[in-house]
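Colleague: Dropping a structure here in structure tokens format, bear with me for questions.
The values are calculated or read from the model by the stated rules, or taken from the named source; none is laboratory data. What you see is a predicted model; the values in this text were computed from it and never measured. Neighbour counts are summed over all protein chains in view; Cβ atoms, including those assigned to glycine, are modelled from backbone coordinates with ideal geometry. Keep in mind that these areas ignore ligands, DNA and RNA; they rest on the heavy atoms of the full protein, side chains included. Shrake-Rupley method; radii C 1.70, N 1.55, O 1.52, S 1.80 Å.
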Amino acid sequence: MSNIKITETGISLLIKDYLLQKDNLKFAYNRFPDKKNYVVQAKDKLAEYKHRKILCQVLGEQNQNLTSKQKENLELLKQENTVTVTTGHQLNLATGPLYFIYKILHTVRICDDLNKENHGINFVPIYWMATEDHDFEEINHFNLYGKTYSWKTESGGAVGELSTKNIDEVFNQLFKDLPDNDLAREIKEILKSAYFNNLSLAEATRVLVNQLLGEFGVLILDANNISLKKIMIPYFEKEIKENPSKKLIEETNHQLKSYKNQAYAREINLFYLSDNLRERIEYIKGKYVLSVSEKEFSQEELLNELHNSPEKFSPNVILRPLYQEVILPNIAYIGGGGEIAYWLQLKKIFEEYNVLFPMLVLRNSMLILPENIKRKAESLGLNKATIFKPKEEFIKGWVAKQTNLFEEIEDLKSKVENLFLEVEPIAEKTHKSFSQMLDAQKAKQIKGFGKMKKRLFSAEKKRLNEQIERFNLIYDYIFPKATWQERKINFIQFYIEEGRTFFDEVYNAITPFEFNFIILNVNGVQQR
């Protein structure tokens, strides 16, 4: 295993500057997630938090068949000295990309490490299911061995409410493609228990995450719940009546204008949930209009609807973080670069609503390298120092190291340049037209050497084609479809080789209070 500082991997400038704690970004967050700040943040959160009883009741109702560690954490959460550390994610089919696993285990690892110290405060990990999202195309698939498995069904409302009754075909195809071994049969049974029982997608995701990661103690929350939505009535009412978020986001975006913004606020940052629809609430000519059905409300009618049926109101990307921090005793949010970027736009909204802004933790990124692939990569010079070089740049440098022909050409070029230097005294003895011709001839010859080097590179690539093809296979394993492995590959690829040991290896590799790209070497052969 080896670690690379995430700031050395080509991440966005905004995230890099945040991790380097640049002064121009300090207005956008409350506390930086240094380890020492967790207890300080916890004390501030405990002083303002007031919804523990309702939260624990909802979690108790939603979470059945818990592991002993989950039961222990649920009991801890009932205590007044307990806070949470949270990550959130969409309801990706079969967990989607690998970083789904990394996010949750990073959250767990932070809590476990803090709980080993005697702070007088308990830390409990939460996975917030994004059950109210409606972008089905983002979650309806996963990738394994270069193949995409997609679920085709109609969707328009909150994805958590989708029935999985017609999902069998996707997984039956997967089952045909899996190898015939005990771990493959084990993962088949886990997937069947989640997706083959006619559950909602939210329920199926809960079952799956509990089966895979429940032993680590993570508690799973579905915030699409009437008891929790009731807590948000005064916050949503202010959003409807005063529309503060749009102005505050625009002010922040102006301060962040040198960076790429992730999210933009609307006049009303709420959706309205109805049968198979999640509609934007738009403010048009003094009326509140639903974006699809075009149903209209006066302000009084909409507020009455909010008070009578709060479960019908759903926060968008701007207000969802506020919802999370109101209902949870939360002190830190663990997310990827894109998530942290949009959280950095939100602090003024939290100040407006008088809610403590959480610490923002960039999760560890990870590359899983089986030992045999690691050895092949290292034999080609692909290691932690070179891994983030552009592919063609790496190949060019590698090819140059396999021969001394490029050096020979450089030597010949130097000799030609020296020959022209020897002719210069002759040029000084005659008309300047000869000197001009000499300069032109010299430029032509030097340019010719440039062309020769390009041709030589092409010729050497052909000569070394077998090794380059081997490199391409390894590079494409590390960066499938030219992106990071964690963003493309599903965990099943490693589970069918290592089983639950894979999760333990990831958990142990995580550096909870550092921001690293981790290269984790595992046994097994996963390249196909």
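Colleague: Based on C-alpha coordinates, I'd like the Rg and Dmax of the stretch 40-115, in Å.
Modeller: When restricted to the Cα atoms of the stretch 40-115, Rg and Dmax are 14.0, 39 Å.
Colleague: Shifting gears a bit: I need the semi-axes of the equivalent ellipsoid of the stretch 351-500: take the C-alpha gyration tensor, multiply each eigenvalue by 5, square-root it, list largest first in whole angstrom.
Modeller: Details: eigenvalues 543, 124, 25 Å².
Sorted largest first and rounded, they come to 52, 25, 11 Å.
Colleague: Over all directions, the average projected area of the alpha-carbon convex hull for the stretch 412-524 comes to how many nm²?
Modeller: Projected area, direction-averaged: 13.4 nm².
Colleague: A follow-up question, please. Can you list the lysines whose alpha carbon sits under 29 Å from that of LYS69, skipping same-chain ones fewer than 8 residues off?
Modeller: Leaving aside lysines fewer than 8 places away in the same chain, those within reach of LYS69 are LYS35, LYS36, LYS43, LYS45, LYS50, LYS53, LYS78, LYS103, LYS116, LYS188, LYS192, LYS229.
Colleague: Send over a whole-number figure in Å² for the accessible area per residue of the chain, probe 1.4 Å. Please report the intermediate quantities before stating the final value.
Modeller: On the way: 24360 Å² over 528 residues.
Heavy-atom SASA per residue in the chain reads 46 Å².
Colleague: Bin by bin, in steps of 5 Å, what percent of the Cα pairs in the stretch 96-148 do you find, going until the bin that has the longest distance?
Modeller: 4, 15, 17, 17, 14, 12, 8, 6, 4, 1
Colleague: Using a 1.4 Å probe on the protein chains only, how many percent of the accessible area of the stretch 319-461 belongs to carbon and sulfur? Show your work: numbers first, answer last.
Modeller: Numbers: 3810 of 7160 Å².
With neighbouring chains kept in place, the figure for the stretch 319-461 is 53 percent.
Colleague: Hey, any idea what the orientation-averaged projected area of the convex hull of the stretch 28-173's Cα atoms comes to, in nm²?
Modeller: On the way: hull surface 46.5 nm².
Its Cα hull, projected and averaged over all orientations, spans 11.6 nm².
Colleague: Still on this structure: Using the Cα atoms of the stretch 192-341 to build a convex hull, what is its mean projected area in square nanometres?
Modeller: Details: hull surface 45.8 nm².
Its average projected convex-hull area is 11.4 nm².
Colleague: With each run of n ≥ 4 DSSP H residues scored as -39500 (n - 2.57), what mean residue ellipticity at 222 nm is computed for the chain after dividing by its residue count and rounding to the nearest 500 deg cm²/dmol?
Modeller: On the way: 22 runs with 259 residues, N = 528.
About -15000 deg cm²/dmol.
Colleague: Thinking of the stretch 92-242 as a set of Cα atoms, what percent of all their pairs are more than 18 Å apart?
Modeller: Working: 7366 of 11325 pairs.
Within the stretch 92-242, distances greater than 18 Å cover 65 percent of Cα pairs.
Colleague: Dividing the alpha-carbon Rg of the stretch 319-433 by 2.2 N^0.38 Å yields what? Working shown, then result.
Modeller: Numbers: Rg = 29.8 Å, N = 115, 2.2 N^0.38 = 13.4 Å.
Output field value: 2.23.
Colleague: Within 10 Å of each candidate Cβ there may be at most 11 other Cβ atoms; applying that plus a DSSP loop requirement, which trypsin sites (Lys or Arg not before Pro) in the stretch 386-449 survive? Spell out each step's value before the answer.
Modeller: Working: sites: LYS391, LYS396, LYS401, LYS413, LYS415, LYS429, LYS432, LYS442, LYS444, LYS447; in loops: LYS429.
Sparse-neighbourhood loop trypsin sites (Lys or Arg not before Pro): LYS429.
Colleague: Right, another one. Which residues does a label at LEU20 reach in the stretch 254-275, if reach means a backbone N under 16 Å from a point 7 Å past the Cα toward the Cβ?
Modeller: 258-260
Colleague: May I ask for the distance between the Cα centers of the stretch 132-163 and the stretch 62-117, given as a whole number of Å?
Modeller: 24 Å
Colleague: Please report, in whole Å³, the volume per residue of the convex hull around the C-alpha atoms of the chain.
Modeller: Numbers: hull volume 108.0 nm³, N = 528.
With only Cα atoms used, the chain gives 205 Å³ per residue.
Colleague: Using the Kyte-Doolittle scale, find the helices of the chain whose mean hydropathy is at least 0.0 and whose Cα atoms extend 18 Å or more along the helix's long axis, counting only whole DSSP H runs. Working shown, then result.
Modeller: On the way: long enough: 99-115 (24 Å, 0.31); 182-195 (20 Å, -0.34); 405-428 (35 Å, -0.07); 432-463 (46 Å, -1.10); 465-478 (19 Å, -0.57).
In the chain, the long hydrophobic H runs are 99-115.
Colleague: Rg to Rh ratio, the stretch 259-299, alpha-carbon atoms and Kirkwood radius?
Modeller: Working: Rg = 12.0 Å, Rh = 11.2 Å.
So for the stretch 259-299, dividing Rg by the Kirkwood Rh gives 1.07.
Colleague: By DSSP, what percent of the beta bridges with both residues in the chain are antiparallel, rounded to the nearest 5?
Modeller: Working: 22 of 48 bridges.
In the chain, approximately 45 percent of DSSP beta bridges are antiparallel ones.
Colleague: Also, I was wondering about something else. Nearest 0.05, what FRET efficiency do ALA47 and LYS295 give at R0 = 41 Å with Cβ-Cβ as r? Could you put the intermediate results ahead of the total?
Modeller: Working: r = 42 Å, r/R0 = 1.02.
That gives a FRET efficiency of 0.45.
Colleague: For the stretch 271-285 and the stretch 197-225, what is the separation of their C-alpha centers, rounded to whole Å?
Modeller: Computed from Cα coordinates, the inter-centre distance equals 27 Å.
Colleague: Hey, if we sort SER309, SER274 by accessible area with the 1.4 Å probe, largest down, what's the order? Numbers along the way, then the final one.
Modeller: Numbers: SER309 20, SER274 45 Å².
From most exposed to least exposed: SER274, SER309.
Colleague: Determine the dipole magnitude for the chain: charges of +1 sit on the beta-carbon of Lys and Arg, -1 on that of Asp and Glu, nothing else is charged, the reference point is the Cα centre, and the result goes in debye to the nearest 20. Present the calculation step by step, with values, prior to reporting the outcome.
Modeller: Details: 73 positive and 72 negative charges, 340 e Å.
Around 1640 debye, computed over the chain.
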